[in-house]
Amino acid sequence: QVRLVESGGGLVQTGGSLILSCATSGTISSANRMSWFRQAQGKSREYVASITKSDTNVADSVRGRFTISRDFATNTLYLQMNNLRPEDTAIYYCTVAVGENYWGQGTQVTVSS
């Protein structure tokens with residue numbers, strides 16, 4: 001059974017930074033893709049970034065501001081978010097594809113203007 005727990009969300013002013021973490025348990029390979037998604041109130045879930053041992057991908061909407069990283073020894077996932085904007089306000093979820101997709105419960109990020 002794979003479990004994911006996000007942390008690090010909070011309230012920050014425009015231009016500020018946050019680091020999100022996603023702790024995992026269960027069997028996860030470095031080849032399994034781990035990703036961040038976000039969902040703003042009243043909107044559909046949006047892809048943010050993903051990473052495997054061999055590649056990293058970041059959505060155009062956050063490229064240059066957000067950096068995804070992963071500790072492959074523990075399969076802890078991170079999202080460094082810089083120069084935050086009010087439109088980044090959302091619940092941020094981590095997910096891993098291990099046969100099926102597993103999701104965490106999410107962490108709220110609120111950016112004040």
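In the chain, what percentage of the DSSP-assigned beta bridges are antiparallel, given to the nearest 5? That works out to approximately 90 percent antiparallel.
Compute the FRET efficiency between residue 11 and residue 71 as 1/(1 + (r/R0)^6), taking r as their Cβ-Cβ distance and R0 = 30 Å, and round to the nearest 0.05.
Numbers: r = 26 Å, r/R0 = 0.88.
Computed FRET efficiency for residue 11 and residue 71: 0.70.
According to the calculation over all Cα-Cα pairs in segment 14-79, the P(r) per 5 Å bin from zero is 4, 16, 26, 24, 18, 8, 4, 0 %. Binning all Cα-Cα separations of the chain at 10 Å, short to long from zero, yields these whole-percent fractions: 15, 51, 28, 6, 0.
Rounded to the nearest 20 debye, the dipole magnitude of the chain is 20 debye, with +1 charges on Lys and Arg beta carbons, -1 on Asp and Glu beta carbons, and the Cα centre as origin.
Bear in mind that the values in this text are calculations on the coordinates, not laboratory data. Please read these numbers as outputs of a predicted model, since none were measured by experiment. Note that each Cβ is placed from the backbone with ideal geometry, even for glycine, and that neighbours are counted across all protein chains shown.
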